[in-house]
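The values are calculated or read from the model by the stated rules, or taken from the named source; none is laboratory data. Only a predicted model underlies this, so the values are computations on that prediction, with no experimental measurement involved. When we count neighbours, we look across all protein chains shown, and the Cβ atoms used for this are built from the backbone with ideal geometry, even at glycine. Protein only, heavy atoms only, side chains kept; ligands, DNA and RNA dropped before computing areas. Shrake-Rupley method; radii C 1.70, N 1.55, O 1.52, S 1.80 Å.
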2 protein chains.
Amino acid sequence: MHPKLKEHIEKIVALTEDEFAFVSKHFIRKSFKKHQFMVQRGEMVPYNYFLLSGLTKLVYTDDAEKQHILAFAMEDWWDSDFQAYYTQTKATLSMECLADTEVLCLSRDDYRALCAGLPKIEHFFLEKTIFGFLAAQRRILSLMTASTQERYEQLIRQHPSLLQRVPKTQLAAYLGVTRETLSRLSTQA
Amino acid sequence: MHPKLKEHIEKIVALTEDEFAFVSKHFIRKSFKKHQFMVQRGEMVPYNYFLLSGLTKLVYTDDAEKQHILAFAMEDWWDSDFQAYYTQTKATLSMECLADTEVLCLSRDDYRALCAGLPKIEHFFLEKTIFGFLAAQRRILSLMTASTQERYEQLIRQHPSLLQRVPKTQLAAYLGVTRETLSRLSTQA
């Protein structure tokens, strides 16, 4: 279906043409406009999304309606409200496009059918999930031990393109600081 | 090799006796005394550990030699410095026994051989890793949004036995507060 998905999977497991055709038929392609919601808080989450292009944010809104950004996603990244997706419960997060975004969508049923039909895809998802788990552990450690200045510098070092592409107010909501504090951080970095 | 491991795996995938015999031969059993280190910062991490009994803490020590506890583990839990284990690099964390601890150890080579020889074990590890990833995401959100009091109450609600088994100084290092603040939290809870 899409060469970007093939290239992405083949960083971990090699696929024959037949196998890739089998993988492809489990995905559907969708387009979203900037400001559209791919996941809406309180609703079911039918898909895990593989981004072909664009930019999204995954947001938790607290009781005081304050937004906390859990993650950004760009091309070649997977994102969803995974808790809701894997446990088939209603979303507690929302996922909103910060730019026009093209995705390949994988439903829970198609995910199961895909893994059952092609064990090496299960290996691919295990490797991706391990990477995600390790990244989450690093983020926990960073939240526990690093100053806001250090966390800003880590973010810029790991994902330099985010600085260009993500509005400053959104970067501030990811770091848990005000827009004013972020300006101070970026002049110090 | 051990009925606790079989019971643990069978919560996710059913195994025949032959399959379980195949699984078992990839693990070795070890015993550690209270205060012994299972993972030592700066050294290689040969194993992922499945705890049969006991209690461990996973610790990051910062430049000022302050200890930050990333996780506790008890019977039926897996723990290791996963970053070091999966990427075959030296440990940045240490894992220390808070009580005498019995474990089943799985080396990287045995993990690979096990997954290659029995695809349903790869499914088991994928499910466990998804659970671990979701728990890590909840912890990130909690660190971003909840007060120390709320995080203390979450911990006690999710793992009531920790309160009895883990010394108060260790609980404080997990929550990132002083021993005195923890006493105040526990009287308010």
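Here are a few things to note about the model shown:
- Failed criterion for residue B:78 (all others in (1) touching a residue at least 40 places away in the same chain (Cβ under 8 Å); (2) more than 12 Å from chain A (Cβ to nearest Cβ) hold): (2)
- Set A:138, A:157: member being free of Cβ contacts under 8 Å to residues at least 24 places away in the same chain, open to solvent by 50 Å² or more (accessible area, probe 1.4 Å), within 14 Å of another protein chain (Cβ to nearest Cβ) and within 19 Å of the chain's Cα centre (by Cα): A:138
- Filter pass, residue A:73 being within 14 Å of another protein chain (Cβ to nearest Cβ), of a type in the set (A, V, I, L, M, F, W, C), under 19 Å from the mean Cα position of the chain (by Cα) and under 30 Å from residue B:174 (Cα atoms): yes
- Among the residues making up the stretch A:55-69, those that are within 10 Å of chain B (Cβ to nearest Cβ) and in contact (Cβ under 8 Å) with a residue 60 or more places away in the chain are A:68, A:69.
- Residues (surrounded by fewer than 16 Cβ atoms within 10 Å (Cβ to Cβ), within 16 Å of residue B:97 (Cα to Cα) and either touching a residue at least 40 places away in the same chain (Cβ under 8 Å) or of a type in the set (Phe, Trp, Tyr) (or both)) located in the stretch B:166-189: B:167
- The stretch A:3-17 residues that are under 15 Å from residue A:127 (Cβ atoms), paired with ones that are surrounded by 15 or more Cβ atoms within 10 Å (Cβ to Cβ) and among the charged types (D, E, K, R) (beta carbon under 6 Å, 6 or more apart): A:12/A:127; A:13/A:120
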